[in-house]
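What follows is calculated from the coordinates using simple rules that are stated; it is not laboratory data. For clarity, every value in this text was computed on a predicted model and none was experimentally measured. Cβ atoms come from the backbone with ideal geometry, glycine included; neighbour counts cover every protein chain shown.
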Amino acid sequence: MSHVRVETQDRVLRIELARPEKKNALSPDMYAALAAAFAAADADANVRAMLIHGTSGCFTSGNDVRDFLELERAPGASPASGFLRAIAAAQKPVVAAVGGPAVGVGTTMLLHFDLIFAAPNARFQLPFVPLGLLPEAASSLLLPMVAGYQRAAELLLLGQPFTAEKALAAGIVTEIVPQAELLDYARTAALALAALPPASVRMTKALMKRALAPAVRERMQEELALFGERLKSPEAKEALGAFLEKRKPDFSRFS
């Protein structure tokens with residue numbers, strides 16, 4: 001589909017988020033296309049690494065909020081679930097180039113990738129709690145592990161935007177590189193991975209992920225179920241409605 005562009009060159013599968021008019025907000029169709037791209041990469045012997053990026057000014061603003069308000073699905077059956085399972089199970093290394101906003105899943109997906117390069121203009125945010133929701137992509141498990149509990153509590157509970165420098169200190173980002181060099185720098189890293197012995201790369205990644213894999217799958221399912229419940233909650237409806245109406249939400253009547 002036009003909003004997710006996929007091409008393979010020099011044994012690197014490149015995935016571009018291309019919905020700039022909506023700040024690369026992820027729609028159900030985009031999630032399906034992304035999940036298919038990750039599955040195709042693992043199945044293609046000619047692909048040895050993946051590179052995912054948006055524009056230099058925006059990685060992704062996260063989920064399309066209007067989709068949230070219209071979503072009436074059973075818990076665990078959200079359009080994002082297939083994509084989340086795909087990134088958690090990816091066998092080949094994934095490189096991300098992050099410029100501009102990386103909101104919600106735009107940040108949590110990075111916890112599953114291998115090399116993440118951010119431009120100085122990158123702005124991360126985990127706004128789940130302020131929206132009356134819960135973290136996803138097993139971020140409630142992974143972020144405290146990489147960032148430490150107190151730093152993760154700040155980022156997840158307050159849900160405020162944070163800089164590339166703070167993301168680097170939290171272990172979310174591998175390196176900060178100049179904005180003009182971001183995509184080329186990330187592509188060079190992906191090409192370096194693709195030039196290595198492919199079985200050794202896959203097996204080393206699998207070994208590093210193996211101990212946590214069952215816990216990640218379990219936490220992801222738990223989060224998805226609770227997320228589905230929260231979407232229908234009065235708190236979430238108030239928060240998401242206020243967001244669309246550009247007003248401050250009122251949680252004073254909730255306990």
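The table below lists the values:
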read-out: Shape category assigned to the range 87-196 from the gyration tensor of Cα positions, a/c cut at 1.5; value: prolate
read-out: For the range 125-255: relative contact order, % (alpha-carbon pairs under 8 angstrom, 6 or more apart); value: 35
read-out: Least to most buried among Leu115, Leu110 (fewest other Cβ within 10 Å first); value: Leu115, Leu110
read-out: Residues whose placed amide H lies under 5 Å from that of Ala49, excluding near-sequence neighbours; value: Leu13
read-out: GNM result for the chain, Cα springs below 10 Å: residue of Asp44, Asp114, Asp29 fluctuating most strongly; value: Asp44
read-out: Gained length - Ala89 relative to Ala225, 0.36 nm times residue gap less alpha-carbon distance; value: 47.0 nm
read-out: Additional length obtainable on full extension of the chain from Ala199 to Arg66, 0.36 nm per residue less Cα span; value: 43.6 nm
read-out: Principal semi-axes in Å for the range 199-240 [√(5λ), Cα gyration tensor, largest first]; value: 36, 10, 6
read-out: In order through the range 216-226: 3J(HN,Hα) via Karplus (6.51 cos²θ - 1.76 cosθ + 1.60), integer Hz, x for Gly, Pro; value: 5, 4, 5, 5, 4, 5, 5, 4, 4, 5, 5
read-out: Ranking of Leu168, Leu126, Leu244, Leu51 by count of other Cβ atoms within 10 Å, fewest first; value: Leu244, Leu168, Leu51, Leu126
read-out: Integer Hz, Karplus 6.51/-1.76/1.60 couplings in order for the range 111-117, x for Gly and Pro; value: 5, 9, 8, 9, 10, 10, 10
read-out: Straight-distance crosslink candidates among lysines, where the alpha carbon sits under 25 Å from Lys248 and sequence neighbours closer than 8 are dropped; value: Lys22, Lys23, Lys232, Lys237
read-out: Amide proton proximity set for Ile116, modelled H, under 5 Å, gap of 5+; value: Ala96, Thr174, Glu175
read-out: Contact order normalised by residue count of the chain, Cα under 8 Å, 6+ apart, percent; value: 20
read-out: GNM result for the chain, Cα springs below 10 Å: residue of Leu207, Leu183, Leu133 fluctuating most strongly; value: Leu207
read-out: In Hz, Karplus ³J(HN,Hα) per residue of the range 25-38 (6.51, -1.76, 1.60; θ = phi - 60°; x = Gly, Pro); value: 4, 8, 9, x, 5, 5, 4, 5, 5, 5, 4, 5, 5, 5
read-out: Residue order, fewest to most beta carbons within 10 Å, for Tyr185, Tyr31; value: Tyr185, Tyr31
read-out: Choice from Ala118, Ala169, Ala37 showing the highest fluctuation, given a GNM over the chain with Cα pairs closer than 10 Å; value: Ala169
read-out: Residues Ser233 and Asp184, FRET efficiency given R0 of 35 Å [Cβ-Cβ distance, rounded to 0.05]; value: 0.20
read-out: Rg [Å, one decimal], Dmax [Å, integer] - the chain, C-alpha atoms; value: 17.6, 59
